[in-house]
Amino acid sequence: MAILHTYYRPASIDEAVSLWSRLGASGALLAGGTRLVGELEMRARRGVDAVIDLAELALNRIDVQGDILRIGATATLAELAEHPVARTLAQGLLPKAVRGEGPVNLRNRATVGGLVAAAEADSEVYAALLALEAHITLVDPAGARHVALEALERIDGIITDITLPLRELRGAIARIARTPGDRPIVAAVAIAGRGVERVALCGVTARPVLQGVELDPPDDFKGSASYRRAMAPIVIERARTILQGV
């Protein structure tokens with residue numbers, strides 16, 4: 001495991017941003033820790049010798065502001081799934097996606113901001129956020145800016161929140177997995193409402209993407225690139241069929 005020399009627990013977002021900017025690649029942000037701890041144990045995060053713990057920044061609130069659902073970056077996946085507004089959006093799309101992320105103990109620790117930062121290829125929650133037109137707030141020394149998740153190319157700041165527009169939507173997930181409890185090999189997350197239909201895919205590129213983006217599937221023990229490419233239109237059609245029946 002990598003040896004950490006310094007632990008920081010900033011009391012404000014300004015202090016956290018200052019530390020993040022000063023430490024650069026040698027400092028890692030800590031929220032739920034579900035991914036970071038594994039990376040440190042496997043020495044996958046070389047050069048990291050300090051952590052910046054975000055626990056004191058009160059970024060875990062989930063609330064409604066007008067027609068916007070605001071999700072604090074350190075809110076856990078379990079908290080997202082249980083929130084009274086989040087759990088009803090698009091007919092329960094988010095709780096369904098959260099269940100696919102892993103066991104209960106992981107969902108109780110993993111944070112929404114950490115999930116966005118990781119952008120894992122098989123994350124149904126990330127795909128759901130894409131389909132729901134999520135925006136994220138990034139803070140760096142220059143200030144805060146809001147970025148559409150679909151336009152996000154890299155995380156070059158501290159994520160403070162994720163926002164979703166609230167509207168009447170139908171939602172569906174169609175997935176192919178080795179077992180019902182596994183993360184998907186390929187999945188489609190679809191939403192539809194008045195004048196809108198969006199489909200996001202996971203398992204077909206290095207990170208979840210909206211339908212229409214050129215596919216570049218991974219090739220691993222769960223499924224070959226050719227298999228994933230062949231399954232993509234099938235899960236899209238299944239998700240749309242589910243929407244029609246909802």
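Only the coordinates and a few stated rules stand behind these numbers; no lab work does. What you see is a predicted model; the values in this text were computed from it and never measured. Quick reminder, even Gly has a Cβ in these numbers, built from the backbone with ideal geometry, and neighbours come from all protein chains shown.
Odds and ends about this structure:
- Residue among Tyr7, Val204, Leu29 farthest towards the positive dipole end of the chain, charges placed on Cβ: Val204
- Within the chain, the whole DSSP H helices whose Cα atoms reach 27 Å or more along their own axis and whose mean Kyte-Doolittle score is at least -0.5 are 225-245.
- Taking Ala127, Ala187, Ala144 as the candidate residues, the one with maximal mean-square fluctuation in a Gaussian network model of the chain, Cα springs under 10 Å, is Ala144.
- Between Pro95, Pro103, Pro165, the residue with the greatest mean-square fluctuation in the GNM of the chain (Cα pairs under 10 Å linked by springs) is Pro103.
- About its Cα centre, the dipole of segment 1-127 is roughly 180 debye, where the only charges are +1 on Lys and Arg Cβ and -1 on Asp and Glu Cβ.
- Rounded Å value of the spacing that divides the Cα centres of segment 182-224 and segment 61-115: 20 Å
- Environment charge at Ile234 (Cβ cut-off 12 Å; Lys +1, Arg +1, Asp -1, Glu -1): +4
- Relative to the Cα centre, the charge distribution of segment 169-245, modelled as +1 at Lys and Arg Cβ and -1 at Asp and Glu Cβ, gives a dipole magnitude of about 280 debye.
- Of the GluC sites (Glu not before Pro) found in segment 105-211, those that fall in a DSSP loop while having at most 11 other beta-carbon atoms within 10 Å are Glu153, Glu168.
- Per residue, the average separation of C-alpha pairs within less than 8 Å and at least 6 apart gives the chain a relative contact order of 16 percent.
- Charge dipole of segment 80-210 (Cα centre as origin; +1 on each Lys and Arg Cβ, -1 on each Asp and Glu Cβ, all else neutral): 400 debye, rounded to the nearest 20.
- Largest mean-square fluctuation among Ile162, Ile52, Ile71, in a Gaussian network model of the chain whose springs join Cα atoms under 10 Å apart, belongs to Ile52.
- Projected label distance in nm at Arg240 and Val85, using a 7 Å step from Cα toward the beta-carbon: 3.2 nm
- Estimated 222 nm signal from helices in the chain, with DSSP H stretches of n ≥ 4 weighted -39500 (n - 2.57), rounded to 500: -8000 deg cm²/dmol
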